[in-house]
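As structure tokens, the structure follows; a few thoughts come after it.
The values are calculated or read from the model by the stated rules, or taken from the named source; none is laboratory data. Note that the structure is predicted; figures quoted are calculated from it, not measured. All Cβ positions, glycine included, derive from the backbone under ideal geometry; neighbour counts span all protein chains shown. Accessible surface is based on the protein model in full, side chains and every heavy atom, while ligands, DNA and RNA are left aside. Shrake-Rupley method; radii C 1.70, N 1.55, O 1.52, S 1.80 Å.
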Amino acid sequence: MSENGKLNKFWIQELTRPAFEDWLENEPVPLAIIGIGAIEQHGLHLPLGTDSLGVEKFIHEVAKETNSVCVHPCWAGYSPHHMAFAGSMTFSWDTLLGILMDTIGSLAAHGVKRFIMVNFHGGNTQVFNLAMQLAKREYNVMIAAPEGPKDTE
């Protein structure tokens with residue numbers, strides 16, 4: 001699963017401990033990519049997990065191109081504004097913040113100090129930004145969060 005730091009699987013849950021350790025030891029700049037989406041309505045034509053399914057696919061493709069580990073710690077996000085629609089799920093803001101902080105803290109404890117965080121649901125933005133700020137201070141890590149193009153009418 002990892003030879004001289006080169007991964008052939010990128011989801012952390014698919015790696016063995018020896019593969020993860022080999023990657024940490026041999027990858028010059030170990031990077032974890034964390035994706036967050038949502039379980040909420042997207043009209044009548046799209047699945048409830050559209051945001052989480054999208055971020056899952058996106059971070060996996062990025063991980064393959066960069067020899068990084070990808071992590072999708074939860075499927076739901078912060079979506080109280082969608083709870084009037086059947087099937088929607090939401091975490092409280094402090095639960096989502098805890099999930100993000102615990103995910104980053106766990107990986108940082110094992111030696112991962114660089115992260116890319118990808119958010120596929122607008123409702124997560126405030127909590128997502130707070131988690132990045134707090135994690136940088138608490139765990140002494142570097143975190144980048146790419147944003148898509150703006151004003152693309």
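A few remarks follow.
- Within segment 1-20, the set of residues being touching a residue at least 24 places away in the same chain (Cβ under 8 Å), touching a strand residue (DSSP E or B) at 6+ places or on another chain (Cβ under 8 Å) and either more than 17 Å from F58 (Cβ to Cβ) or open to solvent by less than 30 Å² (accessible area, probe 1.4 Å) (or both) comprises L7, F10, W11, L15, F20.
- Single residue of segment 34-45 satisfying the filter (among the aliphatic types (A, V, I, L, M) and modelled with pLDDT of 95 or more) that is surrounded by the fewest Cβ atoms within 10 Å (Cβ to Cβ): I39
- Test: residue in segment 22-45 that is within 25 Å of Y139 (Cα to Cα), among the charged types (D, E, K, R) and in contact (Cβ under 8 Å) with a residue 40 or more places away in the chain: yes
- The strands (runs of 3 or more DSSP E) found wholly in segment 48-153 and carrying at least 3 residues that are surrounded by 15 or more Cβ atoms within 10 Å (Cβ to Cβ) and modelled with pLDDT of 95 or more occupy 69-71, 114-119.
- Within segment 20-38, at least one residue is among the charged types (D, E, K, R), in a loop (DSSP other than H, G, I, E, B) and out of contact with any Phe, Trp or Tyr (no Cβ under 9 Å at 6 or more places or on another chain).
- Check on G49, in contact with a strand residue (DSSP E or B) (Cβ under 6 Å, 6 or more places away or on another chain) and under 14 Å from I12 (Cα atoms): no
- Within segment 21-33, no residue satisfies the criterion of being among the β-branched types (V, I, T) and open to solvent by 80 Å² or more (accessible area, probe 1.4 Å).
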